[in-house]
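Worksheet: one structure, shown below.
Since every read-out is calculated from the coordinates, none of them should be taken as a lab result. Model, not experiment: these values are computed from the prediction. Cβ: placed from backbone, ideal geometry, glycine included. Neighbour counts: every protein chain shown.
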Amino acid sequence: MHKDKDAALVHDCVRGDRTAMTQLVNQYERPVFNAAYRILGNTDDAADVTQTVFLKVFEHIADYDPKFRFFSWIYRISINEALSQVKKRRHQEPLADSQASPWRSPEEHLESKKLCNRVQGALMELNEDYRTVVVLKHMSGCSYRQISEILQIPEKTVKSRLYSARQLMKNSLQATGSYGDTGRQS
Amino acid sequence: MSEHTRTGQSPVDQHSLNLLNRGIDGELSTAERAELDELLSKSADLRVVSEALKSLTSTLDGLPEREPPEYLHNVIMSRVLASQEQAPLAKSSESNKPGLFSAWLSAPWARTGLAVAAGLVLTVGIYRTGSENLSPEDTSSMTGTIMKDLKGTLLDSTQFNTKWMNGKADLLRKSGFLLVDVYLKSDGQTVTNLDFSGQGLEYAGINGLQGQTGDVVTENGLVSVSSSGQQHYELWLKHTADFQVDSQTPLRLEFFANDVLVHEAELVETQ
């Protein structure tokens with residue numbers, strides 16, 4: 001999220017500088033992959049989305065408008081691609097719960113603690129609008145304003161979706177006993 | 001439907017919930033902070049909700065970053081560079097027209113990009129020939145349409161048709177990598193072993209293997225891919241720093257169907 005550095009890299013990329021392209025990929029591969037993974041809950045799909053994002057970025061980089069922040073642009077492409085993948089998956093072959101589970105691979109079994117898995121599970125229960133703002137806020141570390149810019153929605157809507165999403169996740173986690181205040185209904 | 005209804009009934013009013021959320025995000029003014037503190041001091045329910053929300057946001061903020069698959073960086077760079085060879089970055093009068101590249105990116109079968117695009121052509125070919133073996137014409141037409149310019153330089157190839165499994169493997173050079181492009185069709189379980197030990201090569205990744213049916217094991221110059229049904233995947237290799245052109249030996253391939261060796265081949269990286 002370094003505006004000047006990104007602008008310089010983008011400028012070099014437009015001129016066909018392969019070192020700059022590599023640097024841009026180095027800088028954004030992890031955040032793009034992680035945002036896609038948290039939205040899709042699946043490593044393979046997130047890797048596919050990440051590849052497509054960079055192909056689109058470099059295909060259209062000459063059209064990028066530098067008055068916007070580069071990270072907002074690449075995040076917007078990433079979120080759109082991830083959501084498009086969610087829709088495709090829904091149309092093509094509705095995944096069984098076991099396939100849709102974010103914990104189906106051995107690596108994924110090993111990666112997280114139980115609470116992290118439950119939180120990812122609760123995240124996957126949210127609709128895409130809510131899930132996206134949670135991912136951008138808590139995994140990508142974006143501010144309300146940045147989320148508003150990436151999703152092109154008013155900040156007020158960002159807040160409303162975020163607060164509702166948190167409430168739903170809290171309820172879901174309390175229902176599974178993940179937080180210790182199930183005695184009180186909230 | 002209001003947010004409140006959607007998120008379930010709560011003994012805490014919406015104004016207090018908004019204050020709590022904004023407080024968690026560090027968005028409160030001094031006066032609002034004081035108001036929230038007072039509300040918290042008076043309401044046990046609000047304190048419970050506050051603790052739960054803090055736990056949730058703390059867990060969300062602390063979720064570990066996922067490590068992207070090892071192959072991903074190389075595959076991205078290779079595909080990006082290959083696409084640049086097809087369509088240079090410099091903006092031209094054609095740049096806004098949807099080209100072949102955009103067409104397949106937006107197509108519903110674009111899940112794994114180039115590899116799957118070729119796989120789809122393969123699939124069409126297989127369905128067209130039904131249960132018949134793959135003919136040389138079938139496979140050459142598969143690779144000669146969409147993939148003609150994007151596949152890279154063909155260095156060597158092997159093909160086999162047996163009653164247990166049909167397949168083809170091409171050795172290609174593309175964007176500084178060596179690719180073994182494998183097409184397989186079998187009714188049962190298949191294993192492909194690629195031995196590149198002592199060649200000054202290292203494994204860079206696999207692209208296109210269908211997640212639900214495939215598995216990859218790598219060890220000391222050997223890659224073993226288990227799969228079933230129809231598969232099309234690319235094994236990516238790259239030269240190590242100690243690679244020497246004159247010390248090359250062929251890459252060795254073995255294809256097993258239901259644990260029976262059905263085909264062996266050697267592919268040579270011609271310079």
Interchain or sequence-distant (5+) residues whose placed amide H lies within less than 5 Å of the amide H of A:CYS142 are A:LYS137
Rounded to the nearest 0.05, what FRET efficiency is calculated for B:ASP61 and A:GLU125 with R0 set to 25 Å and r the Cβ-Cβ distance?
-> 0.80
Other-chain or far-sequence residues with amide H under 5 Å of B:HIS263's (modelled H) | B:PHE255
Quick one: what are the phi-derived ³J(HN,Hα) couplings along the stretch A:36-51, Karplus 6.51/-1.76/1.60 with θ = phi - 60°, whole Hz, x for glycine and proline?
-> 5, 4, 5, 7, 8, x, 8, 5, 4, 5, 5, 5, 4, 4, 4, 4
Determine the distance separating the Cα centre of the stretch B:150-200 from the Cα centre of the stretch A:16-74; give it in Å without decimals.
-> 30 Å
Amide H neighbours of B:GLU269 under 5 Å, at least 5 residues apart or on other chains, H built in the peptide plane: list them.
-> B:LEU251
Using label points projected 7 Å from each Cα along Cα→Cβ, tell me how many nm separate A:ALA7 and B:ALA31, to one decimal.
-> 3.7 nm
Karplus (6.51, -1.76, 1.60) ³J(HN,Hα), θ = phi - 60°, over the stretch B:188-203, in Hz, Gly and Pro reported as x = x, 7, 10, 10, 10, 10, 10, 9, 10, 5, x, 9, x, 10, 10, 6
Residue-count net charge about B:LEU267 - beta-carbon cut-off 10 Å; Lys, Arg +1, Asp, Glu -1 = -3
Residue mean of other protein chain beta carbons inside 10 Å, A:115-126 = 2
How many nm is it between the label spots at B:ARG47 and B:HIS239, if each spot is 7 Å from the Cα in line with the beta carbon?
-> 7.1 nm
Among the listed pairs A:LYS156/B:LYS54; A:LYS88/B:LYS185; A:LYS56/A:LYS87, those beyond 24 Å (Cα-Cα) | A:LYS88/B:LYS185
Label-point separation (nm) for B:VAL260 and B:GLU219, each offset 7 Å from Cα along Cα-to-Cβ?
-> 2.6 nm
Per-residue mean of other chain beta-carbon atoms within 10 angstrom of the beta-carbon, peptide B:23-31?
-> 1
Karplus (6.51, -1.76, 1.60) ³J(HN,Hα), θ = phi - 60°, over the stretch A:77-88, in Hz, Gly and Pro reported as x | 4, 4, 5, 4, 5, 5, 5, 5, 5, 4, 5, 4
What is the dipole size for the stretch B:11-59, taken about its Cα centre, with +1 at each Lys and Arg Cβ and -1 at each Asp and Glu Cβ, in debye to the nearest 20?
-> 120 debye
Note, B:SER29: beta-carbon cut-off 14 Å, +1 each Lys/Arg, -1 each Asp/Glu, net -3
